[in-house]
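Participant: One structure, as C-alpha coordinates, below. Some questions next.
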Amino acid sequence: ALDILESLPDAVNSNVSESCRKKARDKVHMAASLAGVAITNSFTGIVHSYDHPGPEFDLPHGIVCGIMLPYSMKFVGPNENYSCIARRLGYSGTDDELLEQLVHHIQEFNSQLGLYNTFKEAGIDEVAYLANIPRWSEISLQGMATKLSPANMDLAKSKQFFELCYYGWDGK
(Lines give C-alpha, C1' and ligand atoms only; values in the text may rest on other atoms or scores of the structure.)
Protein backbone atom coordinates (compact mmCIF):
# COMPACT_ATOMS: atom_id res chain seq x y z
CA ALA A 1 0.00 0.00 0.00
CA LEU A 2 2.77 2.42 0.87
CA ASP A 3 4.66 1.75 -2.36
CA ILE A 4 1.51 2.66 -4.26
CA LEU A 5 1.04 5.86 -2.25
CA GLU A 6 4.66 6.80 -2.87
CA SER A 7 4.91 5.76 -6.53
CA LEU A 8 1.51 6.29 -8.16
CA PRO A 9 1.82 10.06 -8.58
CA ASP A 10 5.02 9.63 -10.62
CA ALA A 11 3.56 6.67 -12.50
CA VAL A 12 0.75 8.80 -13.94
CA ASN A 13 2.48 12.20 -14.12
CA SER A 14 3.41 13.12 -17.69
CA ASN A 15 5.72 15.86 -16.35
CA VAL A 16 8.30 13.37 -15.05
CA SER A 17 10.82 11.56 -17.23
CA GLU A 18 9.80 8.35 -18.94
CA SER A 19 12.43 6.38 -17.01
CA CYS A 20 11.07 7.73 -13.71
CA ARG A 21 7.51 6.90 -14.78
CA LYS A 22 8.52 3.37 -15.79
CA LYS A 23 10.27 2.77 -12.47
CA ALA A 24 7.22 4.09 -10.60
CA ARG A 25 4.85 1.96 -12.71
CA ASP A 26 6.97 -1.11 -11.95
CA LYS A 27 6.68 -0.40 -8.21
CA VAL A 28 2.92 0.14 -8.49
CA HIS A 29 2.55 -3.07 -10.48
CA MET A 30 4.46 -5.06 -7.86
CA ALA A 31 2.54 -3.47 -4.98
CA ALA A 32 -0.78 -4.13 -6.71
CA SER A 33 0.21 -7.74 -7.34
CA LEU A 34 1.17 -8.23 -3.70
CA ALA A 35 -2.09 -6.58 -2.65
CA GLY A 36 -3.95 -9.10 -4.79
CA VAL A 37 -2.18 -11.95 -3.04
CA ALA A 38 -2.99 -10.40 0.33
CA ILE A 39 -6.67 -9.94 -0.55
CA THR A 40 -6.88 -13.54 -1.69
CA ASN A 41 -5.47 -14.74 1.62
CA SER A 42 -7.25 -12.43 4.04
CA PHE A 43 -10.41 -10.49 4.63
CA THR A 44 -10.52 -7.04 3.12
CA GLY A 45 -11.60 -3.73 4.61
CA ILE A 46 -15.22 -2.68 4.70
CA VAL A 47 -14.90 -0.67 1.50
CA HIS A 48 -15.01 -3.98 -0.35
CA SER A 49 -18.27 -4.94 1.36
CA TYR A 50 -19.72 -1.51 0.65
CA ASP A 51 -18.72 -1.12 -3.00
CA HIS A 52 -22.30 -1.30 -4.34
CA PRO A 53 -22.33 2.20 -5.87
CA GLY A 54 -19.80 0.97 -8.43
CA PRO A 55 -21.94 -1.55 -10.27
CA GLU A 56 -25.05 0.57 -9.74
CA PHE A 57 -23.53 3.68 -11.33
CA ASP A 58 -20.90 2.11 -13.59
CA LEU A 59 -17.90 3.25 -11.55
CA PRO A 60 -14.71 1.16 -11.44
CA HIS A 61 -14.15 -0.77 -8.22
CA GLY A 62 -10.88 1.07 -7.55
CA ILE A 63 -12.56 4.47 -7.82
CA VAL A 64 -15.33 3.38 -5.44
CA CYS A 65 -12.82 2.04 -2.92
CA GLY A 66 -10.72 5.19 -3.26
CA ILE A 67 -13.72 7.37 -2.46
CA MET A 68 -14.80 5.21 0.46
CA LEU A 69 -11.40 4.49 2.01
CA PRO A 70 -10.94 7.66 4.09
CA TYR A 71 -14.48 7.43 5.45
CA SER A 72 -14.09 3.75 6.29
CA MET A 73 -10.85 4.51 8.12
CA LYS A 74 -12.71 6.94 10.36
CA PHE A 75 -15.39 4.31 11.04
CA VAL A 76 -12.74 1.75 11.98
CA GLY A 77 -10.97 4.32 14.11
CA PRO A 78 -7.37 4.66 15.24
CA ASN A 79 -5.35 1.48 15.22
CA GLU A 80 -1.79 0.25 15.01
CA ASN A 81 -1.91 -0.39 11.26
CA TYR A 82 -3.09 3.12 10.39
CA SER A 83 -0.58 4.64 12.80
CA CYS A 84 2.26 2.63 11.24
CA ILE A 85 1.32 3.77 7.74
CA ALA A 86 1.02 7.39 8.85
CA ARG A 87 4.41 7.28 10.55
CA ARG A 88 6.00 5.79 7.44
CA LEU A 89 4.56 8.70 5.48
CA GLY A 90 6.31 11.08 7.89
CA TYR A 91 3.50 11.98 10.27
CA SER A 92 3.69 11.97 14.05
CA GLY A 93 1.36 12.29 17.00
CA THR A 94 -1.14 10.24 18.94
CA ASP A 95 -3.05 7.44 17.24
CA ASP A 96 -6.04 9.79 16.86
CA GLU A 97 -3.85 12.49 15.30
CA LEU A 98 -2.14 9.98 13.02
CA LEU A 99 -5.52 8.75 11.80
CA GLU A 100 -6.64 12.30 11.00
CA GLN A 101 -3.38 12.99 9.16
CA LEU A 102 -3.60 9.74 7.21
CA VAL A 103 -7.22 10.32 6.22
CA HIS A 104 -6.31 13.82 5.05
CA HIS A 105 -3.33 12.39 3.17
CA ILE A 106 -5.53 9.85 1.36
CA GLN A 107 -8.02 12.52 0.31
CA GLU A 108 -5.26 14.84 -0.87
CA PHE A 109 -3.75 11.90 -2.73
CA ASN A 110 -7.10 11.25 -4.44
CA SER A 111 -7.26 14.90 -5.45
CA GLN A 112 -3.68 14.82 -6.71
CA LEU A 113 -4.61 11.89 -8.93
CA GLY A 114 -7.70 13.68 -10.22
CA LEU A 115 -10.06 11.35 -8.36
CA TYR A 116 -13.18 12.30 -6.47
CA ASN A 117 -13.52 12.43 -2.70
CA THR A 118 -17.30 11.90 -2.68
CA PHE A 119 -19.89 10.29 -4.89
CA LYS A 120 -21.52 13.71 -5.20
CA GLU A 121 -18.27 15.06 -6.70
CA ALA A 122 -18.30 12.07 -9.05
CA GLY A 123 -21.61 13.32 -10.44
CA ILE A 124 -23.75 10.50 -9.10
CA ASP A 125 -27.43 11.44 -8.99
CA GLU A 126 -28.36 12.22 -5.39
CA VAL A 127 -31.92 10.86 -5.51
CA ALA A 128 -30.86 7.59 -7.14
CA TYR A 129 -27.93 7.15 -4.75
CA LEU A 130 -29.97 7.84 -1.61
CA ALA A 131 -32.76 5.53 -2.79
CA ASN A 132 -30.29 2.64 -2.89
CA ILE A 133 -28.82 3.14 0.58
CA PRO A 134 -31.31 0.91 2.46
CA ARG A 135 -30.73 -2.01 0.08
CA TRP A 136 -26.96 -1.53 -0.03
CA SER A 137 -26.83 -1.32 3.76
CA GLU A 138 -28.64 -4.63 4.18
CA ILE A 139 -26.38 -6.35 1.66
CA SER A 140 -23.18 -4.83 3.05
CA LEU A 141 -23.86 -6.08 6.55
CA GLN A 142 -23.71 -9.64 5.22
CA GLY A 143 -20.16 -9.26 3.87
CA MET A 144 -17.44 -11.11 5.75
CA ALA A 145 -15.24 -8.00 5.74
CA THR A 146 -18.05 -6.11 7.47
CA LYS A 147 -18.66 -8.86 10.00
CA LEU A 148 -14.97 -8.97 10.92
CA SER A 149 -14.41 -5.21 10.87
CA PRO A 150 -13.46 -3.41 14.05
CA ALA A 151 -15.92 -0.72 12.88
CA ASN A 152 -18.70 -2.89 14.33
CA MET A 153 -21.19 -1.83 11.67
CA ASP A 154 -24.95 -2.02 12.10
CA LEU A 155 -27.82 -0.84 9.89
CA ALA A 156 -27.77 2.74 11.17
CA LYS A 157 -23.98 3.02 10.82
CA SER A 158 -24.16 1.50 7.34
CA LYS A 159 -26.66 4.09 6.20
CA GLN A 160 -24.58 6.84 7.80
CA PHE A 161 -21.47 5.53 6.05
CA PHE A 162 -23.11 5.58 2.62
CA GLU A 163 -24.40 9.12 3.22
CA LEU A 164 -20.96 10.26 4.35
CA CYS A 165 -19.43 8.82 1.19
CA TYR A 166 -21.95 10.78 -0.87
CA TYR A 167 -21.79 14.15 0.87
CA GLY A 168 -18.36 14.11 2.52
CA TRP A 169 -17.34 15.52 5.87
CA ASP A 170 -19.29 18.75 5.46
CA GLY A 171 -22.63 17.04 4.84
CA LYS A 172 -25.25 18.19 2.40
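The values are calculated or read from the model by the stated rules, or taken from the named source; none is laboratory data. If you're wondering where the values come from, they're calculated on a predicted model, not measured in any experiment. Here Cβ is always computed from backbone atoms with ideal geometry, including for glycine, and neighbour counts include all displayed protein chains.
Participant: Out of (1) in a loop (DSSP other than H, G, I, E, B); (2) within 25 Å of Asp10 (Cα to Cα); (3) of a type outside the set (D, E, K, R), what's the single condition that is false for Leu69?
Facilitator: (1)
Participant: Given (1) crowded, with 18+ Cβ neighbours inside 10 Å; (2) within 16 Å of Ser7 (Cβ to Cβ); (3) modelled with pLDDT of 90 or more, where does Tyr71 come up short, assuming only one miss?
Facilitator: (2) is the only condition that Tyr71 fails.
Participant: Of the conditions (1) within 16 Å of the chain's Cα centre (by Cα); (2) modelled with pLDDT of 90 or more; (3) surrounded by 15 or more Cβ atoms within 10 Å (Cβ to Cβ), Tyr91 clears all except one; give me its number.
Facilitator: The single condition Tyr91 does not satisfy is (1).
Participant: I've got another one for you. Mind counting the residues in the range 139-159 that are assigned to a loop (DSSP other than H, G, I, E, B) and either under 15 Å from Met68 (Cβ atoms) or small (Gly, Ala, Ser) (or both)?
Facilitator: 4
Participant: Just for the range 145-165: of the residues that are in contact (Cβ under 8 Å) with a residue 40 or more places away in the chain and of a type outside the set (A, V, I, L, M), which one is surrounded by the fewest Cβ atoms within 10 Å (Cβ to Cβ)?
Facilitator: Pro150
Participant: Take Ser14 and decide whether it is surrounded by fewer than 15 Cβ atoms within 10 Å (Cβ to Cβ) and modelled with pLDDT of 90 or more.
Facilitator: No, not satisfied.
Participant: Further question: Checking Asn110 against (1) modelled with pLDDT of 95 or more; (2) assigned to a helix (DSSP H, G or I); (3) of a type outside the set (Val, Ile, Thr); (4) closer than 19 Å to His48 by Cα, which single condition isn't satisfied?
Facilitator: Result: Asn110 fails condition (1) only.
Participant: Tally time: how many residues in the range 122-137 are in contact with a Lys or Arg (Cβ under 6 Å, 6 or more places away or on another chain) and farther than 10 Å from Pro53 by Cβ?
Facilitator: The qualifying residues number 1.
Participant: Can you say whether Tyr82 is touching a helix residue (DSSP H, G or I) at 6+ places or on another chain (Cβ under 7 Å) and closer than 16 Å to His52 by Cα, as far as the supplied structure shows?
Facilitator: no
Participant: Taking into account only those residues within the range 113-129 that are β-branched (Val, Ile, Thr) and surrounded by 12 or more Cβ atoms within 10 Å (Cβ to Cβ), which is farthest from Ile67 (Cα to Cα)?
Facilitator: Ile124
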